[in-house]
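Heads up: the structure comes next, in structure tokens.
The values are calculated or read from the model by the stated rules, or taken from the named source; none is laboratory data. For clarity, every value in this text was computed on a predicted model and none was experimentally measured. We place every Cβ from the backbone using ideal geometry, glycine too, and count neighbours over all the protein chains shown. Areas reflect the complete protein model, heavy atoms only, side chains present, ligands, DNA and RNA absent. Shrake-Rupley method; radii C 1.70, N 1.55, O 1.52, S 1.80 Å.
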Amino acid sequence: MDKVRVSETKRAQEKYKDLYKGTRYILLSNSENLKDWQQEKLSELLALNKRLFTVYVLKDDLKRLWRYRSPYYAEKFFWGWYRRAIYSKIEPLKKFARMLKRRLRGILAHCRYPIHTSVLEGINNKIKVIKRVAYGYRDMQYFFLKIRGAFR
């Protein structure tokens, strides 16, 4: 999104350059989190620039992928989104779509196991605390037993 915004700012006519200033946050934020004046600026910007509008719509559409619980339907949705991104002829968007395609297996795994990084961060921090409290364990089996005991 940001790469397209920067390239479109460079391509814009001189009289519209001021409209692009301060739009990074507005374009990257969720539309429901924007204030009224930011919503107005976003609407004006998207009405003015077709490429930004395309990228913005595809960005919002991609959020739906993370709500699927069925890998079959998630994959079906992804390929539809991917096709639209590739046919958009917007190079940064095409590059991003290809990157997601390479990671599709992991994305689909999220449907079966919807674990977020916050959970993993919490687990890792708890393990660090166990290790610090013990000043290191000589026996790895005992260390793993302590970890298992902490999460029961």
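Give just the number: which of (1) under 19 Å from the mean Cα position of the chain (by Cα); (2) among the charged types (D, E, K, R); (3) closer than 30 Å to PHE53 by Cβ does LYS89 not satisfy?
If we test LYS89 against (1) under 19 Å from the mean Cα position of the chain (by Cα); (2) among the charged types (D, E, K, R); (3) closer than 30 Å to PHE53 by Cβ, just (1) comes out false.
So if I check each of TYR87, TYR82, which one is aromatic (Phe, Trp, Tyr), within 30 Å of THR9 (Cα to Cα), modelled with pLDDT of 90 or more and open to solvent by 40 Å² or more (accessible area, probe 1.4 Å)?
TYR87 is the lone residue from the list that is aromatic (Phe, Trp, Tyr), within 30 Å of THR9 (Cα to Cα), modelled with pLDDT of 90 or more and open to solvent by 40 Å² or more (accessible area, probe 1.4 Å).
Read through the list (1) at pLDDT 90 or above; (2) out of contact with any Phe, Trp or Tyr (no Cβ under 6 Å at 6 or more places or on another chain), then give the number of the only condition that ALA74 fails.
Failed condition: (2).
So which residues in segment 26-41 are assigned to a helix (DSSP H, G or I) and either touching a residue at least 60 places away in the same chain (Cβ under 8 Å) or surrounded by 10 or more Cβ atoms within 10 Å (Cβ to Cβ) (or both)?
Passing the criteria: ILE26, LEU27, LEU28, SER31, GLN38, GLN39, GLU40, LYS41.
Criterion first (more than 28 Å from ILE86 (Cα to Cα) and loosely packed, with under 10 Cβ neighbours inside 10 Å) does ARG102 satisfy it?
no
Based on this model, can you work out whether TYR56 counts as within 16 Å of the chain's Cα centre (by Cα), in the same structural domain as GLY80 (by the TED database), modelled with pLDDT of 80 or more and loosely packed, with under 13 Cβ neighbours inside 10 Å?
no
Can you name the condition, by its number, that ARG69 falls short on among (1) farther than 29 Å from LEU19 by Cβ; (2) surrounded by 12 or more Cβ atoms within 10 Å (Cβ to Cβ)?
Status for ARG69: all satisfied but (2).
Filter segment 1-25 for residues that are among the hydroxyl-bearing types (Ser, Thr, Tyr) and either more than 20 Å from the chain's Cα centre (by Cα) or open to solvent by 60 Å² or more (accessible area, probe 1.4 Å) (or both) and give the result.
SER7, THR9, TYR16, TYR20, TYR25
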